[in-house]
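Here is the structure we will look at.
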Amino acid sequence: MTWNFDILPDFIFNGLSLGAIYGTVALALVLIFKATTLINFATGELAMLGAFLVYVLHMEQGLWLWLSMLIAMALSAGLGVLIERTLTRPFDPSDHLPVVLITLGLFLIINAVAGDIWNYQVRILSNPFGQFPSWVPSVGGDRFIMVFGSRLKYQSLGIWVTLAIALFLLGLILNRTKAGLAFRAVSSNVESARLVGVHTGRTLGFGWAIASAFGTLGAVLVAPQLGGVNPNMMATILIYALAGAALGGLDSLGGAVLGGILVGLIQAVAVTWVGVVVFGQLYMSILQLAAAFIVILIVLLFRPSGLFGTRRVERV
Amino acid sequence: MSGSLVVVAKNSAEHKKWKYVQWAYLAGFVLLTPLVLEPFEIGKMNRALIMGVAILAVNLVVGFNGMLALGHSAFMGIGAFVTASMVQDENWDYWQVIPIVVIVGFLMGVIVGLPALRVKGLYLALVTIAQAAVFPTLVNIDELGIAKRTGGPNGKGVSEEVIAPSYLEWLPGVDGARGGSAYRFWIIVLMVGITLLLVTNYLRSRPGRAVLAIRDNEAGAAVYGVNLPIVKTMNFAISASIGSLAGLMWCLDKGFVAGQDFTFLLAVDLIIGLVLGGVGTLQGGLVGGLFVVWVNDLTKRISVPLGLYTLNGDGPLAKAIFGLILILFTFFAPGGIVSLGRLINNKLIHIVPLTPSGESIEPMSGFDPGMESTRADTAMKLSIAGPVLLGVGWLLMNVNNLVVGVLAFGLRMTILLAPVAMLVGINELKAHADGNRPDSVKGPASMARNLGALGFVFVIGYALQRFVQTYPIWDIPLI
């Protein structure tokens, strides 16, 4: 047993950047849960589809990466609106079963269609943060800087900055626009919102749109870590994101991000660093996904509403 | 009501007759399966029954308790791996492993269910989906002897065959010898029957009624003194133990278990089977299991050329078809196939409930259409439909070997409709003798009776012929 603290920052940085991505996907889950108390199991597949759109636009059509990302986010937002309008709105929102079944069906369809078009091989998608741009003064190398004697990858930095900007924009949309106000009203109380004249259906579509766009962002950011895009890329990410959302509280947007980051840290530090480096047992790396499962169980046992979620009170 | 062919009072002698007909259909279906089907098709039937038990387990939570469980693949996996390990490594008998599997499944159900079921909402779905995703990875852990027990990524083969109780040895297909899909079919049928019986009784018991009460009104059930977390968790644990039992049957049937058989996709298959069959019905599981296996098989044969692109059901698109079926059923037939079947059944037979004193709410004669009855005509059409299809199928078969499907369909129609037509014909003739029908009824009614009887005899003869073909009884020495 060697407590090798020298490389601990490596694991922390890695955990933080993975966690930021889980947080992004968790945010997509929570945005829909907050408005409809529904867990959208197709979140991961919608995000994967977005990543493939980027792949087509950038790698095949040769568009600028960031432009193709924006186009893909807009397209998947449109797809989200379409799904909300056609597939989920006809159902009574208080009855979970049909809508969850619909999202499961979507999960299968999107995954299979993507598999049919692009096969199940991993396709390389270029990394938006592969190398520092030339105007950045080189500190450690062209892919990382040295912090606490460890390499802080440009990729991690890029993910954090992107997520921060995206969160800032989301905050602006939710707090400064009329649609955002309507969204907050609907997620706090659908009935009252409808009574004061909020168009609930349109607002839920708006929630789906933002959620799909965020999912796409998460998928594009995580692709380089997985070696590229493939139709099954989001299968495990979705589980980590669910754990993050549960940890942060299913109805808290900030909680989702923090929960995702915490799950990333738990995965990288508590499981990989302690298990593999300290105890030297390789099987611990298999337990990464199990850790997410255990996090969900522990959260539900001790704090079902999560760290930042509101406790639900029900009147009969 | 007047649209129904037959109207009977509940629990009357007439109703009992129809119940016997139903049971005869079921028994005939089960008995004929190992005779009529090819061995690999019996294997499919076994798989369908196993899926049926697992779907029944999911139904116990989703359909009868209103909670969402998406991870029963993991319980199946646990049951299968425990069985494989006990039978292969410890030389236990399959029947001895059953209690172990049930207890292990129950405990896993408590561990997973208790945290999630203490709180209201979709949390069970959250936990179980994670459980389904995690399970296949846990199987591969090298330490603690887990991989040795489970076979790790290579899976584990079980060479031992299940031994049937001696009283099963006379059944067709068993033939005194062990092994073979027909042999396993009977063992699986026995297990399915016992499970169904137990679940039916459980749902009628006090805890079972509490489970249903929670589904219908959670707050109301709590007010009436139902301990919500305990009842929900116990129900989930029972469901988990049934899921593990399905895993045992899986191991018994396949003789091979591997972690990648029990992924999230299996859990989704179970949910699809549940929706296809019918959420909240006992028969739904078995029907759903049958259809999941059948649709899976069917989609593999689809190959539609669309210009440059060929729509191929053998590849990933099979899953898309499943997804599409799931969405379509949720939209247009939320009650599943069972509710559609009930719709047709109501057209055929209407059962009038009785007051506690045994009186019909409305006099039974009120259901009799009297002189305007068209029942005889309908019965005649039913009696003709099967044989006509059979004949057309037979002709087509001689023209082109590919359209055997019509023949098979005609045969099934005859099997299903002949007895109905016969009984309705007899009833109508009786009514005519009582002076309740015009004389014009006599022709179609006797035709329905005669053709129906003929079809009935034909079906029995066909079954006997199949039996004799498979088991040449004249070869068996009499002394």
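The numbers here are math on the coordinates, done by the rules we state, and not lab data. In this text, all values refer to a predicted model and were calculated from it rather than measured experimentally. Cβ sites come from the backbone with ideal geometry, for glycine too, and all protein chains shown count toward neighbours.
Sort A:SER305, B:SER205 so the one with the fewest other Cβ atoms within 10 Å of its own Cβ comes first. Mind showing how you got there, number by number?
Numbers: A:SER305 18, B:SER205 11.
So the ranking, lowest neighbour count to highest, is B:SER205, A:SER305.
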The ³J(HN,Hα) series, computed from each phi in the range B:212-224 with the Karplus coefficients 6.51, -1.76 and 1.60 at θ = phi - 60°, rounded to the nearest Hz and given as x for glycine or proline, is 5, 4, 4, 5, 6, 7, 5, 5, x, 4, 4, 4, 7
From the cross-link list B:LYS347/B:LYS430; A:LYS34/B:LYS120; B:LYS156/B:LYS254; B:LYS254/B:LYS300; B:LYS16/B:LYS381, the entries with a Cα-Cα span beyond 19 Å are B:LYS347/B:LYS430; B:LYS254/B:LYS300; B:LYS16/B:LYS381
Backbone N within the range B:239-266 under 15 Å of label point (7 Å from B:ILE194 Cα along the Cβ vector): B:242-250, B:252
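Compute the FRET efficiency between B:LYS381 and B:LEU340 as 1/(1 + (r/R0)^6), taking r as their Cβ-Cβ distance and R0 = 22 Å, and round to the nearest 0.05.
Details: r = 21 Å, r/R0 = 0.95.
The pair B:LYS381/B:LEU340 has a calculated efficiency of 0.60.
What dipole magnitude, in Debye to the nearest 20, does the protein assembly as shown give about its Cα centre under +1 on Lys/Arg Cβ and -1 on Asp/Glu Cβ? It would help to have the intermediate numbers written out before the result.
Working: 48 positive and 40 negative charges, 296 e Å.
Its charge dipole is roughly 1420 debye.
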Label-point separation, B:ILE163 to A:LEU307 (7 Å along Cα→Cβ), nm: 5.8 nm
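How crowded by other chains is A:297-304, given as the mean number of beta carbons from other chains within 10 Å of each beta carbon?
On the way: counts 8, 1, 4, 10, 4, 1, 0, 7.
Whole-number average of other-chain Cβ neighbours for A:297-304 is 4.
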If the chain between A:SER188 and A:TYR120 were fully extended at 0.36 nm per residue, the gain over the current Cα-Cα distance would be 20.4 nm
Ignoring solvent entirely, what values of log10 I(q)/I(0) come out of the Debye formula for the protein assembly as shown at 0.07 Å⁻¹ when each Cα is a single scatterer? -0.62
Between the helical axis of A:65-83 and the dominant principal axis of chain A, each derived from Cα atoms, what acute angle in degrees is found, rounded to the nearest 10? 30 degrees
Along Cα→Cβ, 7 Å out, is where each label goes; now give me the distance between the ones at B:LEU31 and B:GLU372 in nm to one decimal. 4.2 nm
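Suppose R0 equals 41 Å. What FRET efficiency, 1/(1 + (r/R0)^6) with r the Cβ-Cβ distance, do B:SER440 and B:ALA463 give to the nearest 0.05? Numbers along the way, then the final one.
Values: r = 36 Å, r/R0 = 0.87.
The value I calculate is 0.70.
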By the mean-Cβ-within-10 Å protection proxy, highest first, B:74-81, B:446-453, A:251-258, A:167-174 rank as B:74-81, A:251-258, B:446-453, A:167-174
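Give the order of A:TRP64, A:TRP273 when sorted by the count of other beta carbons within 10 angstrom, beginning with the fewest. Before the final figure, lay out each step's value.
On the way: A:TRP64 10, A:TRP273 24.
In order of increasing Cβ crowding within 10 Å: A:TRP64, A:TRP273.
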Would you mind checking which residues have amide H under 5 Å from B:LYS156's amide H? H placed 1.01 Å from N; only 5 or more apart, or other chain. B:VAL257, B:ALA258
Tilt relative to chain A, helix A:154-176 - C-alpha long axis, 0 to 90 degrees, to 10: 20 degrees
Regarding the range A:5-302, what are the three Cα extents along the principal axes, ordered largest first, in Å? 59, 49, 40
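Work out, step by step, the length gained on full extension between A:THR2 and A:ARG85: first 0.36 nm times the residue separation, then minus their alpha carbon distance; give nm to one decimal. Don't skip to the end; give the middle numbers.
Values: separation 83, 0.36 × 83 = 29.88 nm, distance 5.60 nm.
Extending this stretch completely gives an extra 24.3 nm.
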Using just the helices of chain A, give the 222 nm mean residue ellipticity in deg cm²/dmol: DSSP H runs with n ≥ 4 each add -39,500 (n - 2.57), and the total is spread over all residues, rounded to 500. -20000 deg cm²/dmol
Sequence-distant residues sharing a close amide H with B:VAL352 (under 5 Å, placed H): B:VAL8, B:ALA9, B:LYS10
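Using only atoms on other chains, find how many Cβ atoms lie within 10 Å of each Cβ of peptide A:90-100 and report the average. Kindly include the intermediate steps, with their values, before the conclusion.
On the way: counts 2, 3, 0, 0, 0, 2, 6, 12, 7, 1, 7.
Average neighbour count from other chains, rounded to a whole number: 4.
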Among B:GLU359, A:GLU191, which comes first, second and so on when ranked by fewest other beta-carbon atoms within 10 Å? A:GLU191, B:GLU359
Amide H of A:VAL147 versus every other amide H placed in the peptide plane: which residues, excluding those fewer than 5 positions away on the same chain, fall under 5 Å? A:LEU152
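With a/c under 1.5 counting as rounded, go ahead and sort the range B:37-299 into rounded, prolate or oblate using the C-alpha gyration tensor (a ≥ b ≥ c being the square roots of the eigenvalues; past the cut-off, prolate if a/b is larger than b/c, else oblate). Walk me through the numbers on the way to the answer.
Working: a/c = 1.76, a/b = 1.38, b/c = 1.27.
Verdict is prolate for the range B:37-299.
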Rounded to whole Hz, the Karplus (6.51, -1.76, 1.60) HN-Hα couplings of the range B:258-274, x for glycine and proline: 9, x, 6, 7, 10, 8, 4, 5, 5, 4, 5, 4, 4, 5, 5, x, 4
